[in-house]
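Below is one structure; the comments refer to it alone.
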Amino acid sequence: MSNSALGDNPRPSAQTSRGTRVATTSKEKPPANADSPRLSAFVAACFFLSGAAGLVYQVIWVRLIEKVIGSAPFAVAAVLSVFMAGLALGSWRAGRVIDRQPGRAALLALYGKHELGLGVQALAVPVAMAAARPVYRAFYDPLLEHFWCHQAAALAGCALVLIPPAALMGATLPVLCRFYVRRLDHLGRRTGWLYGLNTAGAALGVVLCGLVLIPHLGVWPTLGLFAALNFLIGGACLGVARRLAAEPAPPKARSQRKVPPFPVPAPPEPEPTDGMNRQMRWGLAIFAVSGFCAMAYEVLWTRLLGLIAGPTTYCFTLVVTTFLIGLALGSLLLRRAADRSAAVFTLLTGSQLAAAAAALLVSQTLGNSQLFFAKLIYIHQDRFSHLMLTQS
């Protein structure tokens, strides 16, 4: 009897080049594929939502610290500095660990564990701040006449509370970069995609938190909602990682080129010349100064906007939102140029010069726009949400 007469139960008939029969039926589930577009889309969605949660926490931390130390501008500066220090620490630490992971499933599991830890830390931060309030009050009077000692003590307290969750956030980008980047020729494209996606999620999180969720739900429900989101992301990633580790790789025909196991040992590269070493050092120095200037702009624009547009916490929300949207757009638009350009150092220096010119223009515009913002406040004085959207 022919196979066509068997109806819905066809006989296994797949055959390799040597005549060996391989059992495959139409009802079998295909084996897991670590390079599948569905898996990439799943991890990208998780990273987008994780970026939203991270900046929601930042906005909430500014509000909580402001209630403890009573200074909104210092709360903004303290949270930004500690937050970025934690990101740097987590990224540095992850960079020393990720290359030792045995496969992509292990990397995805490591990312899931970081998300679970971040959810726990996010719930612990308000408790730690409430416990630190009596300690801060005890140090307030003795240090009141010593301004810098007082500021340093407040900053140290913020660092003790906020660096652990910020470090967990900072570790996620290197882990997922190692997960996505398989070849050097798409390093810029895929890293830029991840960073841009995470930053776009962060911008969405700031808008939702500062203008929608906190005004309507309050701080604790908003915090619990996004902590639950971290738990959901972490659990889902751990589940997918276990499935990837358990299911065998799909069989390959002998005619196909064998792919070396993960991780792929890098071929020996030629020793860089003195000129290349000098250019790399200058590139790292420019990158560090660029980060310093970016955070300085954020604090300065928040204070500048606060003088002419209203409360500092809402100005912080507006500035951070626009700041993150710009970062996301720059990362997504220039990610291909990073792989294609033969003069990456020239591209870096040109982008920094353009950023400096744009920052001067923005600062002058904000400094000379008192009448403009006064008219906005007068027109939308009875509709706060409209005022915030117009200012943004």
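The values are calculated or read from the model by the stated rules, or taken from the named source; none is laboratory data. It should be emphasised that the depicted structure is a prediction, and the values quoted were computed from it without experimental measurement. Cβ placement follows ideal geometry from the backbone for every residue including glycine, while neighbour counts extend to all protein chains displayed. Please note that ligands, DNA and RNA were not included when accessible areas were found on the heavy atoms of the full protein model with its side chains. Shrake-Rupley method; radii C 1.70, N 1.55, O 1.52, S 1.80 Å.
The set of residues in the stretch 130-147 being in contact (Cβ under 8 Å) with a residue 40 or more places away in the chain and open to solvent by 60 Å² or more (accessible area, probe 1.4 Å) consists of Arg133 alone.
Let's see how each residue does on (1) at pLDDT below 75; (2) touching an Asp or Glu at 6+ places or on another chain (Cβ under 9 Å); (3) not β-branched (Val, Ile, Thr):
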residue	(1), (2), (3)
Ala5	yes, no, yes
Arg11	yes, no, yes
Glu28	yes, no, yes
Gly54	no, no, yes
Gln58	no, no, yes
Val62	no, no, no
Ala85	no, no, yes
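The residues in the stretch 65-83 that are modelled with pLDDT of 85 or more and either surrounded by fewer than 18 Cβ atoms within 10 Å (Cβ to Cβ) or not aliphatic (A, V, I, L, M) (or both) can be counted, and the count is 2. Out of curiosity, is Gly157 under 30 Å from Leu334 (Cβ atoms), in a helix (DSSP H, G or I) and not acidic (Asp, Glu)? No; evaluated as a whole, the condition is false for this residue. A single member of Leu204, Leu238, Leu225, Leu211 is out of contact with any Pro (no Cβ under 7 Å at 6 or more places or on another chain), at pLDDT below 80, at negative phi and part of a helix (DSSP H, G or I), and it is Leu211. Return a yes/no flag: does the stretch 249-271 have any residue that is surrounded by 14 or more Cβ atoms within 10 Å (Cβ to Cβ) and modelled with pLDDT under 70. Within the stretch 249-271 (the criterion being surrounded by 14 or more Cβ atoms within 10 Å (Cβ to Cβ) and modelled with pLDDT under 70), the answer is yes, since at least one residue qualifies. Out of His150, His114, one residue alone is in a helix (DSSP H, G or I), of a type outside the set (A, V, I, L, M) and more than 24 Å from Ile69 (Cβ to Cβ). It is His114. Among the residues here, Val127 qualifies as part of a helix (DSSP H, G or I), of a type in the set (Val, Ile, Thr), open to solvent by 70 Å² or more (accessible area, probe 1.4 Å) and without any contact (Cβ under 8 Å) to a residue 12 or more places away in the chain.
Of the residues making up the stretch 179-210, those that are more than 15 Å from Phe48 (Cα to Cα) and either hydrophobic (A, V, I, L, M, F, W, C) or open to solvent by 50 Å² or more (accessible area, probe 1.4 Å) (or both) are Phe179, Val181, Arg182, Arg183, Leu184, Asp185, Leu187, Arg189, Cys209. Scanning the stretch 38-52 for residues that are more than 20 Å from Leu87 (Cβ to Cβ) and surrounded by 17 or more Cβ atoms within 10 Å (Cβ to Cβ) yields one hit, Leu39. Within the stretch 86-115, the set of residues being among the hydrophobic types (A, V, I, L, M, F, W, C) and either farther than 20 Å from Val161 by Cα or open to solvent by less than 50 Å² (accessible area, probe 1.4 Å) (or both) comprises Leu87, Ala94, Val97, Ile98, Ala105, Ala106, Leu107, Leu108, Ala109, Leu110. Sub-9 Å Cβ pairs linking a first residue in the stretch 88-105 that is touching a residue at least 60 places away in the same chain (Cβ under 8 Å) and over 19 Å from Gly291 (Cα atoms) to a second residue that is of a type in the set (S, T, N, Q) and buried (at least 18 other Cβ atoms within 10 Å of the Cβ), at least 6 apart or interchain, are Ala94/Thr172, ordered by first then second residue.
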